[in-house]
Amino acid sequence: SNKPRKKKKKRKAKKNSAGETVEDNDLEDIDSLLERIEDPGLAPQRQSGVIADSRPLLYVEHRNLNPENELKRYFGARAVLGDQRPRQRQRQYVRSMWLTAPKNTWPRYSKTGITMQLLDTRRGVQHFTFEHHREYQQVQFKFLDAVESMDPNNIVLLLQMNPYHVDSLLQLSDVCRMQEDQEMARDLIERALYSLECAFHPVFSLTSGTCRLDYRRPENRAFFLALFKHLMFLEKRGCPRTALEFCKLILSLDPENDPLCVLLLIDFLSLRAREYTFLTRFFQEWECHRNLSQLPNFAFSVSLAYFFLSQQEERPELERSQARERAARLIQFALIMFPSVLMPLLDHCSVQPDARVASHPFFGLNAQISQSPALNQLTSLYVGRTHGLWKDPAVMAWLEPHVHEVLQMVDAQNTLVQEAESKRKIRYQSAPRNIYRHIILSEMKEATAALPLEVTSQPVMGFDPLPPLDSIVSYTRPERTSHPSNESTLSLFFRSLLPNFNLQGDIRHDGDDEAGAAQDLNQGVNRLMAAMRDMLANIQFQEPPRDDNPEGDGEWD
C-alpha cells in the first residue's frame, strides 16, 4: 500500500516541476513583450501606431497612473522597491485604488460624507457630480472659518478631527509647500485623491474618456485641483509619463471648457515623456476645432516633436524626411506668428544670437513690447516652462537656419508676415479666466509677473483659485452671528476678556418705552457687575517661593 503512494507523490512532483517551468517561460515571454511594448525604441513603429490609432485620443491606461511603473522602467524594480519581501510591501488596506496607493501611515479611512451621483447621460457621455452630505457641509463651514482666521494651525486641528476633509488637505498642502516640506505636501494631495476616489460612483470610469464633471459646481473643483497638483509633483519627481496620463485624465473630464487649461501643459509633458507621436496626433485631431496653432506652446512644441521624430534612426527614411519637412514648415510658422518667443528663449538657454538676428527689429525688443498682455502671458509661460527642452545643441543647430529664412521672408515683405501681424492685433485682447487659473496654479514666475492687476489684487485660495463667475451652488454657508455695531468701548473691552458677556442683552423687537429703557439699563449694569465679580473671583495670586528653599523644588500654592 505504501508503494502506490510514493508513486503518486512522484507524479505530482513531476507535474508541479513541469508546471513551474512552463509558468516561468510564460512570465519571461510576458516580461519581454511588455518591454517591447513600453519601449518605443524597441517596439515596431507600425504595431505601436496601430495600437495608438485604434484607441481614443484621451484614453487613459491604469498602469500609466502608477509612478512606480515608470520608475521601474528607468531604474529597475530592485532600485524602486528595495530588498523588501513581497509580504512586507503589501499594505493593510484591502481596497485597491488607481489614483494613489494608500499608505500605512495614513489615518484609518471612514466615510467622510462625500458621494458621487450620475446626473444624466447624453450622446454616450455620462455627467457626474460630487455631493456633500449634511455632516460634510458642517465640516466645510468650519474649514472656511479656519481659512478666514489666517492661522494654519486651525486647519491642522480640523484635520485631526476630520483627516480626509479634501479642501483642508489641499490648503494645508500649499502651506507645507511654501515651507519647503515637499514630501508632506505631496502626501496630503495623495490623501485627498484617495478620499475622492473612495466616493466614486460604480459606473464612473477613469479610462473611458466619456465621464464628465462640471467645474462650475464647487463640489467637483477639489477633484480637478487635486489631480493638477498631483501631476505637478509627479513632473518634479521625474515621472513625466505618469504626469501626462493624469493630464489626459483632467482634460477628459471637461474637454470643451478645460477649466484648468491643461492645453497649455500637455505639449510640455508629451515632449518630456518623449511621446512625440501622441503630440502630433493630438495636434492633427484638435487643430480643426480648437485652433491649437494659435497657442504659442503648440506652435513651437509640435514642430519640435516632428524634429525629434525625424532624428529617430529606427524609422523608415521616408517617414523621417516627411517629419523633417513638417518640422521646418511649422517652426517657420511659429517664428512668424510669435516672434517675441525667440529672444527670451535664447536668453534662457544662454545662447548668444548672431549680429543679424540681434539687430533685426522683427525679433528685437519691439516684438515683446508691442504684443498684448494676454499674449505676453502665454509666451512667458511657454518660455519659462519649456526652455530646458531647447538647450540641446542639435535643436539649436536645427533652429538657426530657419530663423534666418524667416528674416528673409520679413525683408521681402511676405504676405504671411503681414497676416500674422494683423492676427496678433485682433486676437489675444484678453485672456479667459481658465488661463489665469492655470498660471496661478503653475506658479511660473515669468507668467505670474505678467498677470493683470484685477487678478493679483484679489485673494487667491489654494482650494478654489479664481472660482467661475457662473458657479452652480447647491448649498450656501450660513451667515455668521455678528455682534451689534453700536457697542460701547467698555462693552468691547469686557467682551475681549469674557467672550460670552453681553451688556445689551437680548434685542427688543417690541416698542420700547422709557420704563423699558430704564429696566434694560439696570439689567445691563447688574450683568456688568456680575461679570466683574466672576472675573475677580477667578483671579488667584501665587506666593513666591520661600527663602529656605533656594532650589525651588516645592510647588507654589
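Sketch the reach of a paramagnetic label on Asp411 as a point 7 Å from Cα along Cα-to-Cβ, and name the residues of segment 354-373 whose backbone nitrogen lies under 20 Å away. So the set is 354-367.
If packing is taken as the mean number of other Cβ atoms within 10 Å per residue, what is the order of 135-142, 346-353, 270-277, 217-224, highest first?
On the way: 135-142: 16.5, 346-353: 14.2, 270-277: 20.2, 217-224: 21.8.
Top to bottom by mean Cβ count within 10 Å: 217-224, 270-277, 135-142, 346-353.
Treating each Cα of segment 275-431 as an identical point scatterer and summing with the Debye formula, the log10 of I(q)/I(0) at q = 0.14, 0.18, 0.19 Å⁻¹ comes to -0.71, -1.20, -1.33.
Could you rank His289, His387 by how accessible they are, 1.4 Å probe, largest area first?
Working: His289 110, His387 45 Å².
Of His289, His387, the descending order of accessible area is His289, His387.
In a fully extended conformation the segment linking Leu118 and His62 would gain 17.9 nm over its present Cα-Cα distance, using 0.36 nm per residue.
Given a 1.4 angstrom probe, I'd like the percentage of the accessible area of segment 265-355 that is carbon and sulfur, rounded to a whole number.
In segment 265-355, the share of accessible area belonging to carbon and sulfur is 48 percent.
Assuming 0.36 nm per residue, please report the length gained on full extension of the stretch Glu419 to Arg55 beyond their Cα-Cα distance.
Numbers: separation 364, 0.36 × 364 = 131.04 nm, distance 3.74 nm.
Value of the extension gain: 127.3 nm.
Estimated at 0.36 nm per residue, the fully extended path between Ile426 and Ser474 surpasses their Cα-Cα distance by 13.4 nm. A straight line joining the Cα centroids of segment 133-182 and segment 207-286 runs 26 Å. On a per residue basis, segment 275-431 carries 47 Å² of accessible surface, using protein heavy atoms and a 1.4 Å probe.
Filter the cross-link list Lys391/Lys445; Lys248/Lys423; Lys391/Lys425; Lys111/Lys236 down to pairs whose alpha-carbon distance in this structure exceeds 28 Å.
Values: Lys391/Lys445 20 Å; Lys248/Lys423 30 Å; Lys391/Lys425 31 Å; Lys111/Lys236 32 Å.
Check vs 28 Å cut-off fails for Lys248/Lys423; Lys391/Lys425; Lys111/Lys236.
Model label sites at Val175 and Asn291, defined 7 Å from Cα along the beta-carbon direction, differ in position by 4.4 nm. With a Förster radius of 22 Å applied to the beta-carbon distance between Leu81 and Lys103, the computed FRET efficiency rounds to 0.90.
In this simple spin-label approximation, Glu317 and Asn153 carry label points 7 Å from Cα along the Cα→Cβ vector, and these lie 7.4 nm apart.
Determine which residues of segment 282-326 fall in the zone a paramagnetic label at Val351 would reach in this model, i.e. backbone nitrogen under 13 Å from the point 7 Å along Cα→Cβ. Residues 304 fall inside that zone. Amide H contacts for Glu131 (H built 1.01 Å from N in the peptide plane; partners 5 or more residues away or on another chain; cut-off under 5 Å): Thr115, Met116, Gln117.
The values are calculated or read from the model by the stated rules, or taken from the named source; none is laboratory data. Nothing here was measured: the structure is a model prediction, and the numbers come from that model. For neighbour counting, all protein chains shown are included, and Cβ atoms are generated from backbone atoms with ideal geometry for every residue, glycine included. Areas reflect the complete protein model, heavy atoms only, side chains present, ligands, DNA and RNA absent. Shrake-Rupley method; radii C 1.70, N 1.55, O 1.52, S 1.80 Å.
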